[in-house]
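The values are calculated or read from the model by the stated rules, or taken from the named source; none is laboratory data. All values derive from a computational prediction rather than experimental measurement. Every residue, glycine as well, gets a Cβ built from its backbone with ideal geometry; the counts of neighbours run over all protein chains shown.
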Amino acid sequence: MHYVPLVEVVRSGFVEGVHHGALVILTPAGQVLHLRGSIDAPIYPRSTNKPLQAVGLLRAGYKPADDEHMALATASHEGEPDHVAIVTGMLDGIGAAEEMLQCPPDLPLNEAARARVIHRGEGPRKIYMNCSGKHAAMLAACIERDWPTESYMDPAHPLQVQLAATVREIAEEPEHPFGVDGCGLPIIPVTLTGLARAFQKLATATGGTFEHQVTSAISTHPYLMSGTGKPDVILMRTVPGLICKSGADGVFAGGLPDGTAFAFKFADGHERPRLPLAAAVLRALDAPGADKLPATPVLGGGQQVGEVRAATDAVSI
């Protein structure tokens, strides 16, 4: 991958930090409108793949009880009470115990939720792990198809074969060797161009399709698929019709109802530049509501003394 400056950290008029990355924006016709850095080398999309995997889950027989369960199947949740309650309901609905989840135990990512858990004297649990909703949906699909539940994370398991095929089909990507994600599941590599292409298809999916079922749940419940104050919530609640998803290590992708789509990755894997760059892209595209997206302040002594902003030529459409 070749990375270029995309986001600057400005303090008191001085650029004290730069986040390098790669960015692609596609037109509604699927042509490259703008690019910075390498956009055709495979990356690990991490959780940005989850909406695509959710389409594969539906194809494999997953039957979510409602849009809330569907949203949690795509989620990188923060372990807040609503998230935990819904994942608990997903497991109860299929008669599965928390111990059947094969994601590692963790504490909630949300600070307040984590503090409450620690105050209660609890330790890490699988259900608090940010991928537990996807794992619960995978268990449900396996039970529906009478597939083995104890080996659902194996790349050769029929569920994982189905999910990998779905991601590659939607992204229009060839097969690349799997990686291992933070939750232990296989990572399906794609290029940034393929990732943007996939979100283009999600954002323009028609009613009655599995793609539309996934995007409807995400757009209705952005908080459930992420958490309080997360970029996904801010962006989708501000820009009508936007479908987007964050992934670990600096990955992000989004699509607009007209078919314009974008994807980027930061070389340093930092979360801080994600919202500023997404906001800059959406403003450059004149997306409705993009002018209302908040700036990302840099503080000094509790007061704003600068901001995290897109570099001058990062989004020169």
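A few comments on the model shown:
- Among (1) outside any helix (DSSP H, G or I); (2) surrounded by 14 or more Cβ atoms within 10 Å (Cβ to Cβ); (3) at pLDDT 95 or above, the one test that residue 314 misses: (3)
- Residue 1 vs. criteria within 29 Å of residue 162 (Cα to Cα), touching a residue at least 60 places away in the same chain (Cβ under 8 Å) and either among the basic types (Lys, Arg) or surrounded by fewer than 18 Cβ atoms within 10 Å (Cβ to Cβ) (or both): yes
- In the condition set (1) small (Gly, Ala, Ser); (2) out of contact with any Asp or Glu (no Cβ under 9 Å at 6 or more places or on another chain); (3) more than 26 Å from residue 62 (Cα to Cα), residue 269 is compliant with all but (2).
- Pick from segment 117-161, criterion under 12 Å from residue 87 (Cβ atoms) and of a type in the set (S, T, N, Q), ranking: surrounded by the most Cβ atoms within 10 Å (Cβ to Cβ): 132
- Residue in segment 29-43 that is buried (at least 24 other Cβ atoms within 10 Å of the Cβ), within 21 Å of the chain's Cα centre (by Cα) and farther than 17 Å from residue 273 by Cβ present: yes
- Among the residues making up segment 250-282, those that are surrounded by fewer than 18 Cβ atoms within 10 Å (Cβ to Cβ) and more than 17 Å from residue 171 (Cβ to Cβ) are 257, 258, 267, 268, 269, 270, 271, 272.
- Within segment 138-165, considering residues that are of a type in the set (A, V, I, L, M, F, W, C), touching a strand residue (DSSP E or B) at 6+ places or on another chain (Cβ under 9 Å) and not in a loop (DSSP other than H, G, I, E, B), the one farthest from residue 73 (Cα to Cα): 164
- Restricting segment 212-258 to residues that are part of a loop (DSSP other than H, G, I, E, B) and among the acidic types (Asp, Glu), the residue that is nearest to residue 59 (Cα to Cα) is 258.
- Filter pass, residue 288 being surrounded by fewer than 18 Cβ atoms within 10 Å (Cβ to Cβ), part of a strand (DSSP E or B) and free of Cβ contacts under 8 Å to residues at least 60 places away in the same chain: no
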